[in-house]
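Just so it is clear, none of the values below were taken in a lab; they were calculated from the coordinates. Owing to the predicted nature of the structure, the values given are computational and were not obtained by experimental measurement. Reconstructed Cβ throughout: ideal geometry from the backbone, glycine too, with neighbour counts over all protein chains shown.
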Amino acid sequence: MADPMRVRAQENGGVVDVKVLMKHDMETGQRKDASGKTIPAHHINTITATCKGKQVFEAQFGPAVSKDPFLNFKFKGGAKGDTVSITWVDNKNDKRTDEAKIS
Amino acid sequence: MKKIHLLTSAAVAMIASTSLMAQSAFEKAHNASFKENGIAKLDRLERDDTQKFCSEPAALAGKGDPKKREAIEKANMATIKQPSDGKYLGDWKEGEKIAQSGRGATWTDKAGTPNGGGCYNCHQINKKEISHGNIGPSLWNYGKVRGNTDAVVQYTWGKIYNAKAYNACSNMPRMGHYKLLTEQQIRDVMALLLDPASPVNQ
Amino acid sequence: MNLKRREALRLTAVIGLMAATGLISHAEAAEWNKAAFDGKSLDDVLKSLGGSSASKSTAVTINAPDIAENGAVVPVGVTTTLPKTQQIAILVEKNPSALAAQFLLTADSEPFVASRVKMGQTSNVHALVKADGKWYVTTKEVKVTLGGCGG
Amino acid sequence: MKKLIKSTLLVSLSMAAGFAFAQSATDDIAKYREMIADGNPSELYEAAGEDIWAKPMGPKNVSLQKCDLGKGPGVVKGASAELPRYFKDTNKVQDLESRIITCMEKLQGYDPKEIISAGFEKGKRKDVEAVVAYVVTHSKGMKIKVPNKHPKEKEMYAMGEKAFFFQGGPMDFSCASCHGEDGKRIRLQDLPNITEQKGAALGFGYWPAYRVSSGNFWTMQRRLNDCYRQQRFPEPIYTSDVTIALSVYMGVKANGGVMNTPGLKR
């Protein structure tokens, strides 16, 4: 099971600043283990952000995004108290959704 | 020549003999905190005279008993073996690779894999490499500044082989004495420092 | 797992299947752009993203360090003053595959993203931005240093 | 954070005198660190640790919420700023990790030997590490106040000092080889002078930390373990005397400094 994310969302002057930390190995598929076997690629593919039922941002990651990825984006239209919901899906179709209230 | 050999073996014996001595209470408690792992065995905690002397903060700071210091430097000097074929300089390109690599001799390293020299960890060497330490002095233009005389070449060889011969508590590992680098590897590092064609001397 | 997510999962699977069988080339619902992530160069990636050429633009800014202490984590941010920004992509020229991440902006999005990428060696980092249907690019070199005792 | 980076920078600038190259490089490295400071993945471990702390587990199926980290049962706030310290119930000086293991043994019924022999991030040790992330976050911003009053604490301090200078292995290294002088670097990484308060606080106050190069959270035990690996020593046993003694030495030296844990390191 995927580990929880940390989502922070802060509203300032009508713009919501969202910072997300995801727990994910982001294996490149280029590394080898101790026995010399290639470790298969395992990374987040897509991330979607919704607020009040509406998609506000979307990202696609390749294996070159750092381990335990960090993502920062901004959108208009959210207010303090609204909920921002983040969902990631990885290349093994594992997924995780977490939320944060805008402060 | 014979005399040098004799001196050498006496010094080695002196350096290696400490493991037989009784351990202090501190050493017992200290050493009991470790376990062997891979190539890193517990005998690595058995200190020779140099290591014992330099485990004293005062000695490390360049103070301590000057007579003892002198004796230690002498004993270390006696361990230095000049190159078997009289050739001091190898390939500076290989030397650069050795200087870059800080690998080797840890419990995650396998026996038989060549060690790096780890030179850039502590020294500036080729200025192009901006990621260098400063525990040791800059070696940029080493040969250009000092020239290539026999004295310089032999001193440099000795310094890499066993830095404690010149400064009892130098922070530099004894690359030749502990066989951290092979003779050929030392030649290559020598070339990096002294070969007029080396980028270090441009 | 709640019902909604289960549904979403099934939908993703279906879209994935459609893409795999060539039924659709560009799904609306964030289909992971495999071709773009397989691209080796800026041109490869640009083509896979549906562009033909990108013009250099000072309206796109890359916020990245001149020197990264470690290539495993290199912070890269992209902002632009170009109106109607639709898409932003971060590329590392010397990585095995150039595209590190791309971002699909909505009408509500501010033209800003920041993330962290891996860099195998010192390389140019490109920010590709699609605004009002046109592609723009800005480039910055990031030096990756060796560090630590094991260097 | 910013303030610290500046002071580190100052130190590194003053020492690199003469090397204009290195000077600008360390300057750029400081900028890099500032850029990644916001968004420390340690938070992910902290979240996991918070759950583990509160969740009934182990043969006795109880939580760690009554664990006494030195400030009374269940008190997490400020606890790691005052560790290691002497504990009456075990009659030992314990660091955060050995104390968490004691709680896992006494409260939850886990076998401490299994945790000690497991590797980092393995088995129950992984839970210890997550709990560490949780606990140290709650000392962030607090003054370092490691006690050195009890005879056993003094004993451990003395042992730590000797261990710090103990030179051995095929490269003749001791902790002091790298951490005994001001203004030194390995490659571009500043080496705090742990023999003085300021440097000790830079070391003690920023570990445990998320390690960027390995992409995981490192406890103080793991930090020390890898120092010894690089020193080419045999491996220190998890929570052994020498590791705790070194923490006491560093912590006491660092007293008056500030805990900035969890840190974010290369």
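On a full-extension model of 0.36 nm per residue, what is the gain between D:H150 and D:A37, subtracting their alpha-carbon distance, rounded to one decimal in nm?
Details: separation 113, 0.36 × 113 = 40.68 nm, distance 3.76 nm.
Once the chain is fully extended between D:H150 and D:A37, it gains 36.9 nm.
Only loop residues by DSSP count here, and only those with at most 12 other Cβ atoms within 10 Å; note down the trypsin sites (Lys or Arg not before Pro) in the range A:32-103 that meet that.
Values: sites: A:K32, A:K37, A:K52, A:K54, A:K67, A:K74, A:K76, A:K80, A:K92, A:K95, A:R96, A:K101; in loops: A:K37, A:K52, A:K67, A:K80, A:K92.
Taking the range A:32-103 and a limit of 12 other Cβ atoms within 10 Å, the loop trypsin sites (Lys or Arg not before Pro) found are A:K37, A:K52, A:K80, A:K92.
When only Cα pairs under 8 Å and 6 or more residues apart are kept, what is the percent relative contact order across chain A? Can you show the working numbers first?
Working: 254 pairs, mean separation 35.3, N = 103.
That works out to 34 percent.
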Compute the acute angle (0 to 90°) between the alpha-carbon long axis of helix D:42-54 and the principal axis of greatest extent of the alpha-carbon atoms of chain D; round to the nearest 10°. 20 degrees
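Can you tell me, using C-alpha contacts under 8 Å and at least 6 residues apart, the relative contact order of chain B as a whole percent?
On the way: 304 pairs, mean separation 50.1, N = 202.
Here the relative contact order equals 25 percent.
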With everything on Cα atoms, drop me the angle between helix D:20-37 and the longest principal axis of chain D, reported from 0 to 90° to the nearest 10. 30 degrees
Percentage of interatomic Cα-Cα distances in the protein assembly as shown larger than 33 Å: 55 percent
Separation of alpha-carbon centers, the range A:67-103 and the range D:73-112, rounded to whole Å: 36 Å
Give me the distance in nm between label points sitting 7 Å out from Cα along the Cα-to-Cβ direction at A:T38 and C:I62, one decimal. 2.8 nm
Cys with no candidate disulfide partner in chain D (beta-carbon separation under 4.7 Å rule): D:C175, D:C178, D:C227
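Does chain D come out rounded, prolate or oblate by the C-alpha gyration tensor, with a ≥ b ≥ c the root eigenvalues, rounded set by a/c under 1.5 and, if not, prolate when a/b is larger than b/c and oblate if not? Don't jump to the answer; show the numbers that get you there.
Numbers: a/c = 1.81, a/b = 1.49, b/c = 1.22.
Prolate shape, in that a/c is at least 1.5 and a/b is the bigger ratio.
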Quick one: angle between helix D:2-15 and the longest Cα principal axis of chain D, in degrees between 0 and 90, rounded to 10, please. 50 degrees
How large is the Rg to Rh ratio of chain B when both quantities use alpha carbon positions and Rh follows Kirkwood? 0.98
What Cys residues in chain B have no fellow cysteine's beta-carbon under 4.7 angstrom? B:C119, B:C122
Could you tell me the calculated FRET efficiency between B:A197 and B:K63, based on Cβ-Cβ distance and R0 = 51 angstrom, to the nearest 0.05? 0.75
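Would you kindly calculate the translational diffusion coefficient of the range C:81-147, applying Stokes-Einstein with the Kirkwood radius from alpha carbon pairs, for 37 °C and a viscosity of 0.692 mPa s, and quote it in µm² s⁻¹ without decimals?
On the way: Rh = 12.8 Å.
The calculation lands on 257 µm²/s.
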Tell me, in nm to one decimal, what length is gained between B:K110 and B:L42 on full extension, where the rule is 0.36 nm per residue of separation less the Cα-Cα distance? 22.8 nm
Please list, in order along the range C:112-120, the HN-Hα scalar couplings obtained from phi with the Karplus expression 6.51 cos²θ - 1.76 cosθ + 1.60 (θ = phi - 60°), rounded to whole Hz, x for Gly and Pro. 8, 9, 8, 8, 9, 10, 8, 10, x
Stretched fully, the stretch from D:V75 through D:A118 gains (0.36 nm per residue minus C-alpha distance, one decimal, in nm) 12.7 nm
Once the other residues with Cβ under 12 Å from the Cβ of B:K41 are scored (Lys, Arg +1; Asp, Glu -1), what is the net sum? -1
Largest-first semi-axes in Å of the equivalent ellipsoid built from the Cα gyration tensor of the range B:92-201 are 21, 16, 14
Residue-ordered couplings for the range D:81-87, obtained by feeding phi - 60° into the Karplus form 6.51 cos²θ - 1.76 cosθ + 1.60 and rounding to whole Hz (Gly and Pro as x), are 6, 10, 10, x, 7, 7, 10
Shape of the range D:189-265 from its Cα gyration tensor (a ≥ b ≥ c, root eigenvalues): rounded if a/c is under 1.5, otherwise prolate when a/b > b/c, or oblate? oblate
